[in-house]
Amino acid sequence: MGKIKITQVKSQINRTQVQKRTLEALGLSRIGKTVEHDASPAIVGMVNKVKHLISVEEIK
């Protein structure tokens, strides 16, 4: 299981409550913030829910 780097690139203003909570669960709170997570199925599922708000890179 690899690691992924997730960066928030768009605002969470005018988004649904579910999307806001997903960003919060990923550890993202503002544009430009970056976090690293293991690429577990749960994290990948959350990334897919908010993929239009974030940028994802695979870390080797």
Gain in length, Arg30 to His52, computed as 0.36 nm per residue apart minus the alpha-carbon separation, to one decimal in nm? 6.5 nm
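Keeping all protein chains in place, calculate the accessible area per residue for the stretch 1-57 (probe 1.4 angstrom), answer in Å². Intermediate values should be presented prior to the final figure.
Values: 3680 Å² over 57 residues.
That works out to 65 Å² for each residue.
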Which one, Met46, Gly32, Thr16, is farthest towards the positive end of the dipole of the chain when Lys and Arg carry +1 and Asp and Glu -1 on their Cβ? Thr16
What do the square roots of 5 times the Cα gyration tensor eigenvalues come to for the chain, in whole Å, largest first, as semi-axes of the equivalent ellipsoid? 19, 12, 8
Per DSSP H run of at least 4 residues, take -39500 (n - 2.57); add these up for the chain, divide by its residues and hand me the 222 nm value, nearest 500 deg cm²/dmol. -9000 deg cm²/dmol
Spatially close lysines, pair count over the stretch 4-60: Cα under 12 Å, gap of eight or more or interchain: 6
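The values are calculated or read from the model by the stated rules, or taken from the named source; none is laboratory data. Everything numeric here is computed off the predicted structure, so don't read it as measured data. Every residue, glycine among them, receives a Cβ derived from its backbone with ideal geometry; neighbour counts consider all protein chains shown. For the accessible areas, the whole protein counts, side chains as well, though only heavy atoms, and no ligand, DNA or RNA atoms are used. Shrake-Rupley method; radii C 1.70, N 1.55, O 1.52, S 1.80 Å.
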